[in-house]
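The values are calculated or read from the model by the stated rules, or taken from the named source; none is laboratory data. Since the model is a prediction, treat every value here as computed from it, not as a measurement. Here Cβ is always computed from backbone atoms with ideal geometry, including for glycine, and neighbour counts include all displayed protein chains.
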Amino acid sequence: MIKFLDIQEINQQYSDDLKKVASEVIDSGWYILGKKVQKFENSLASYIKVDHVIGVANGLDALRLILRGYIEMGVMKEGDEIIVPANTYIASILSITENKLVPVLVEPEQHSNNLDLNKIEDVIGPRTKAIMVVHLFGCVCWSEELGRIAQKNNLKIIEDNAQAVGASWKGTKTGALGDAAGFSFYPGKNLGALGDAGAVATKDESLAETVRAMANYGSHRKYENIYKGINSRLDEIQAAFLAVKLKYLDFENEYRRGVVKQYLEQIENPHIVLPSSPQDDQEHVWHLFVIQTQKRDYLQHYLEKRGIQTLVHYPIPPHKQLAFREWNHLNFPVTEKMHETNLSLPLGPTLDNSEVSKIINCLNEFSI
Ligand SMILES: *Cc1c(COP(=O)(O)O)cnc(C)c1O
């Protein structure tokens, strides 16, 4: 079976180093927010080239803490609107609703899967305070025009960088393009911890201080609480694992790009639509390689019979989820079509050449 993503094999490569740092943490007697967290925050900050990185418990918390920070700072208040792509993973949207802010869903472009930047200005109103761009599937969502629109309308740009750590636009890394960014280090992400972990990155010092306090019970100093904060701290052991794996991130992302190059050049089948190739200014990291086909379930079954595991990202769009019953009547045709036609092929830093060839051959031989 060709696995969709072999997390065990990925971590096996680094197992000596991972075990070594795990023992250091065990022996240190210090398990949350210590030297390992600080070291990882500094390494990620210099990798992304951003002034402040705050390690938190997971990617959802990273995003909700950014918004909560802006609320505490008086930049946003209950009922304000945040523009967000309709086809994102539900976490982006939950980070908004949890803060009693209002998500304004915008359709993606069909082939890039990313927010259609031309549709943003139509939905900006007096209560719009931010655009949450999601670099979905590891593909950069950015343009100069987006920066201009945000500036003109005095909007913050928050990047959901959960799927795109290491990507860049004109040489600037995602996570350093906007005002603040949330990262996820869920085990299956391009930079995966061995458990849950996340981070906030920002160049805004007062946001950084607010988020840091907010994630630790609203406290700057022990037992002094200036906000009604939450507990979203990063474990030393996860930070230590992440510091090990960060060193290999560029290599792994480059490997993914190599696989994707073959997929893009060699998959040829009239039933299959491939995602758009990166433009010159974009360096994607391809968290997922998502094809579109009218025969999705049939193709998935066909590949499974041939020993190829695929997944669907995502089967149900957020506005059709029971969790958001109040939006179930809304129509986002591009998004809805995507959720019916998307199929994610195996992709990862341990997928070998013979596996890639087999996947390509099976796809090219597929007919109805
Ligand atoms: C994974 C993910 C998140 C949330 O990250 P967790 O660490 O699972 O909380 C947020 N947004 C997107 C786009 C994601 O893929």
Over segment 336-353, the set of residues surrounded by 16 or more Cβ atoms within 10 Å (Cβ to Cβ) and under 30 Å from L249 (Cβ atoms) is M338, H339, N342, L343, S344, L345, P346, L347, G348, P349, T350, L351
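Yes or no, residue by residue, for (1) within 16 Å of the ligand (Cβ to nearest atom); (2) under 21 Å from Q110 (Cβ atoms):
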residue: Y255; (1), (2): no, no
residue: Q266; (1), (2): no, no
residue: Q282; (1), (2): no, yes
residue: L288; (1), (2): yes, yes
residue: H301; (1), (2): no, no
residue: L311; (1), (2): yes, yes
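Under 28 Å from G171 (Cβ atoms) and touching a Pro at 6+ places or on another chain (Cβ under 8 Å): does that describe F251?
For F251, the condition - under 28 Å from G171 (Cβ atoms) and touching a Pro at 6+ places or on another chain (Cβ under 8 Å) - is met.
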Here is a list of conditions, (1) more than 23 Å from the chain's Cα centre (by Cα); (2) free of Cβ contacts under 8 Å to residues at least 40 places away in the same chain, and K320 meets all of them except one; can you say which number that is?
(1)
Output the residues belonging to segment 138-154 that are crowded, with 18+ Cβ neighbours inside 10 Å and part of a loop (DSSP other than H, G, I, E, B).
C139, V140, C141, W142
Of those in segment 1-17 that are within 23 Å of the chain's Cα centre (by Cα) and over 17 Å from A239 (Cα atoms), the residue surrounded by the fewest Cβ atoms within 10 Å (Cβ to Cβ) is Q8
May I ask you to list the residues in segment 182-196 that are more than 9 Å from the ligand (Cβ to nearest atom) and in contact (Cβ under 8 Å) with a residue 60 or more places away in the chain?
P187, N190, G192, L194
When both residues are 6+ apart or on different chains and their Cβ atoms are under 6 Å apart, which pairs have a first residue that lies in segment 107-126 and is over 12 Å from T88 (Cα atoms), and a second that is of a type in the set (S, T, Y) and in a loop (DSSP other than H, G, I, E, B)?
H111/S276; S112/S276; L117/S143
Selection from segment 219-233 of residues in contact with a Lys or Arg (Cβ under 9 Å, 6 or more places away or on another chain), in contact (Cβ under 8 Å) with a residue 12 or more places away in the chain and not β-branched (V, I, T) yields Y227, G229, S232
Looking only at segment 155-167, count every residue that is within 15 Å of the ligand (Cβ to nearest atom), among the hydrophobic types (A, V, I, L, M, F, W, C) and either free of Cβ contacts under 8 Å to residues at least 40 places away in the same chain or not in a loop (DSSP other than H, G, I, E, B) (or both) and tell me the total.
1
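Per-residue answers, yes or no, for (1) hydrophobic (A, V, I, L, M, F, W, C); (2) within 22 Å of the chain's Cα centre (by Cα); (3) within 16 Å of the ligand (Cβ to nearest atom); (4) surrounded by 24 or more Cβ atoms within 10 Å (Cβ to Cβ):
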| residue | (1), (2), (3), (4) |
| --- | --- |
| K19 | no, no, no, no |
| V25 | yes, no, no, no |
| S28 | no, no, no, no |
| F40 | yes, yes, yes, yes |
| A45 | yes, yes, no, no |
| H52 | no, yes, no, no |
| L63 | yes, yes, yes, yes |
Any residue in segment 75-92 that's within 16 Å of the ligand (Cβ to nearest atom): show its pairings with residues that are of a type in the set (D, E) and at pLDDT 95 or above at Cβ separation under 8 Å, as long as the two are six or more apart or on different chains.
P85/E107; A86/E107; N87/E107; T88/D160; A91/D160; S92/D160
